[in-house]
Every structure is written in C-alpha cells, then in structure tokens.
1. What list of whole percents do you get for P(r) of the stretch 276-383, with Cα-Cα distances grouped in 5 Å bins up to the one holding the largest distance?
2. Once every Cα of the stretch 1-83 carries one equal point scatterer and solvent is ignored, give the base-10 log of I(q)/I(0) from the Debye formula at q = 0.17, 0.21 Å⁻¹, two decimals.
3. Once label points are set 7 Å from the Cα along Cα→Cβ at both residue 358 and residue 478, what is their separation, rounded to one decimal in nm?
4. Would you mind checking the pairs 123/243; 243/419; 419/493; 367/445; 123/419 and listing those with alpha carbons more than 21 angstrom apart?
5. Using a simple charge model, +1 on the beta-carbon of Lys and Arg, -1 on the beta-carbon of Asp and Glu, nothing else, what dipole does the chain show about its Cα centre, in debye to the nearest 20?
6. Within the stretch 165-200, name every residue whose backbone N is under 15 Å away from a label modeled 7 Å from Cα of residue 230 along the Cβ vector.
7. Provide the per-residue ³J(HN,Hα) series for the stretch 272-282, in order, calculated from phi with Karplus coefficients 6.51, -1.76, 1.60 and θ = phi - 60°, each as a whole number of Hz, with x at glycine and proline positions.
8. Over the chain, what is the mean sequence separation of C-alpha contacts under 8 Å (at least six apart), divided by residue count, expressed as relative contact order in percent?
Amino acid sequence: MTTAAIWLSFAFVLGLIVRLAGLPPLVGYLIAGFSLSALGYESNLILEEVAHAGVLVLLFSVGLKLRLRSLLYPDVMGGAAMHMLIIAPILFLVVGVIYSLEANTGMLIAVALAFSSTVITAKILESRRELRALHGRVAIGILIMQDLVAVALLAYIAGKTPSPWAFLLFAVFILRPVIHRLLDFSGHGELLVLYGLLLALVLGGASFGYFGVSAELGALLLGVVLSNHKRAVELSDALWSLKEVLLVGFFLQIGLSGHPDLDTFIYIPLLLLLLPVKAVLFFFILVMFRLRARSAFLASLSLATYSEFGLIVAQAGMKAGLLEQDWLALLAVTVALSFAIAAPLSRYSHLLYARWERFLVRFESQKPHRDDKPISLNHPDVLIIGMGRVGTGAYDYLKEHGHTVTGLDSDPVKIEQHKTEGRNAFYADAEDPGLWDKLVLDGIKAVLLATPELEAKRYVAKRLRATGFTGLISATAVYPEQIDALKASGVDKAYNYFEEVGVGFAGHLQEDLAPKAENEV
C-alpha cells in the first residue's frame, strides 16, 4: 500500500505541475514514472494489470465511436500499407547501419518504430472530440491496421498461432442482439459501468487473449459491436472517468520500464528526429489519397509518435533472443518522450496548421476527398455549429418558431441520423480554416456555437468575425469563467449550460402550474 501511495502522490503532484505549465497531465505521469524508476522503484503485477485494463477500456471506448466500413476505405488501408512499406526500410537503414546491428535485429527495431501509438492518439483525439472527424477516423483506421500487423508479428516472433478454436470468437457478432439487449437492461448507474468493464476486460480482452488473439483487438471489436446502439455514447461517457484513472497506470508503467545507460542514451535524440519523417510521409500519402491539406496535417501530427505496441514487439524480440535488454530500455524512453512531444503538439495542432496553411495547401489534390467536398447551406437565417443534444434541441425549437435552420457537425454518423430525421444538417469541420473562406454566409442572422470544446467555440467565433460576419453569435458555456473568454473572442451572448437547464426546467413547471392557478381563481 505504501508503494501505491508513493506512485499516486508522484503522479498527482507532477501531473498538476505539468498542467499548470499548460501541458496535458499525461506528460507529468510519464515524468513521474521516470522519476520513480530513477529512485529505484519498479513496476509490479498490480500496476501492469491496471495499465492493461486502462488500455482495454480506452480501445473499447474508441470502438464505440467507430464503424467497420471506415477501415475499408483506400485512404486507410492504402495509407497504412504504403507508410509501413516506406518507413520501415528507412528506419532499418538509419538504425541498422548507424548502430551496426544484425539484419534481424535491425529490421525488428525498424518495424517496432514504424508503429504509431494507438493509446496516445486515441486519447488525444477523444479529449478533443475529434474521433469522428475525418482526420480522426483516418488516423484511428490506420492505427488499427498497424495493430493487426503487430499482432501478426508477435505471433511470428513467438512462434505461436491463434488457437484452432479462435473461430469461435466470431460468435461475438452472432451474439450482437443479445449484447445490445443487455445494454438496454443495464440502466444508467453503476450497472452500466460494470457492463462496460465486463465487455472490455472479459468478453473483449480475456476471451480473445485466451484463444491466442490480441486482447486489445478484442476490446476494440466489442466496442464496434455496440457502436450503432443508441446508448453507445452514454456508455462511453459513463466509462470516461474510470478510463482516465486507469490510464495513469499505463503512463506510470511506461516510465517505470527503466532508463538506458549513458552509452545508449545518446541515441535517443536521433530516434526522436525521425518522428518528423514519419509525420511528413503520412502527410504526403494522405494528400495523395485526396485528403485536404488540413485533414492530412492533423491526422499526420496525431500519428507522429512511437507505439506502445512497438515496446511489446521489442519485448517479445528480447525473449526470443533477437534483442538485448539495453535496446528495450532505450525504446521505452524513446516511446515515452514521443508521447511527451505529441501531447503539446496536438494541443496546438490547429494553430500550427493555420500558420502553415498557405504552404500546405499547395500539395492538395484538385479532386476533393469524398468527405471534404464544399457544402451549400441552403440559405438559412440561423446556423448551428455542433449537432449534439444541445444543438439538436436548439434546432428543433428554432424551426418550430419559424426559422430556417442549418446544422453543421464533424461527425458523419450524427449527420446521417439528422438527415434521416428530416433535419437540414451537413458534415463539416468547423475548425477547418478553409471552411469559413468558402461558406456563403449571406442571409444568416445568427450563429449558435454548441460544440463541447471551449477553444473550438472561440476559434469559430474569431473566424466568423474575420470573414466580416456582423450577425449575432451565441454560445454555450459549462463554467462561468468561460463566458468572458467567449465574449473576448467575438461572441455576443454566452449562456451557462447548467443555469439554462434550470431556467428551462422552471419554465416548463410554470407552464404546468398556470392552468391550475387559473382554475382555482
């Protein structure tokens, strides 16, 4: 218990310090792990189980927001294959030749470094609500393809193949109606969270692992099985806090993996300098598949990491006698530092693109991607950005009161649902700088910003004002201090979300009481 208390204390203190410095807390957790390792602490079975559980719940949550058909697109399958076929030989030449490694060892390290982190990318995209944006879907799809390669490579290194009974795992798809029905019966409290853990850790993780298939892949597929359920978002939200706490264990474990000696430590900067090579290659491949420069840039930046799967592959190689212990420690530090670099870069990714937009758009294809085509708003007088529950409620209310309304959202699944229900809604990423230069805003009297991210609302408000829009801009705020920040960005009216819920609830109550009062008179 004392060891756990020390781990938690280090994680909290360093996470808080890093957060106050303007960086994501996960960077602090990594530093905490390295600090504890330097003090002589080592990972143990409990921390490993917590870390693994965090990864499984994260991938299950990612699966809840995915569609299998998105993996079959050329930009996903082709992008993943082309990148692997190009970057692995480059890494082999750099690492193998400079470090004078044997061919088998050099190729193993090259392939391990070719993978990008599923965990860090999914966490960053999810925290920014970008998993279903075009660049988010492409990035996650590529990562899943990489994970499948990693699973096959692990089987090859270990000389193992999946169990002959592994085909029974297809029963997961046959049992889909039962899994859906059990979710309906799970209520909205702790039983819902428990059911999510059961699916992620037991049915997805343990059962797939038992049959010799990746537990991570199993958790992801179980999420996909539930992805089109009406309560998938609720289940994801219910698991959010628990998943975040469990992932602290993952980042601590990475830091506690050890630190290389001084002789090998000098190689780390060179490995980190190869990260931009990975990102640039991803960018040009995705642009070749007709993604717009912005989507390709954001996806590439989110993939500019080394992978935890690379560590797993390296560990398997060490057990098979293909790799020395020093290389595993070196890769652990390199992977962790790539996480620490990726976190702040991702935070400022939209600002970085805005700065480099003029240069990057030169590489765009003349023929737009299927999900990147310009849209026509159908001349509304009110535009709603973000068609979640708040945006949808506002849309229906305004339409009932005679307004012509159009909604925009970066989630294509939501857009399909809204169109089925008769709403005038379009797929568009409101944080795309190029979008606001191409939209015709004539006739629009008001814009309602209903996206969950504060920075997204501030960015859109600034872009609207920069295009010369003089109409009303209204936005929702979760915390009172956000209201001033929104108004400073060009928002005319900002409303506290929870206060407005209370006002609306009281308004309905007043309407219900009015007839009774009249009857008493």
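Taken together, the values in this text are just the output of simple stated rules run on the coordinates, not laboratory data. What you see is a predicted model; the values in this text were computed from it and never measured. For neighbour counting, all protein chains shown are included, and Cβ atoms are generated from backbone atoms with ideal geometry for every residue, glycine included.
1. 2, 11, 16, 15, 13, 12, 11, 8, 6, 3, 1, 1, 1, 0
2. Once normalised to I(0) and log-transformed, intensities are -0.84, -0.98.
3. For residue 358 paired with residue 478, the spin-label model returns 3.6 nm.
4. 243/419; 419/493; 367/445; 123/419
5. 1280
6. Zone members listed by number: 180-188.
7. For the stretch 272-282, the Karplus-derived couplings read 5, 5, 7, 4, x, 5, 4, 5, 4, 5, 4 Hz, x marking Gly and Pro.
8. Reported relative contact order: 16 percent.
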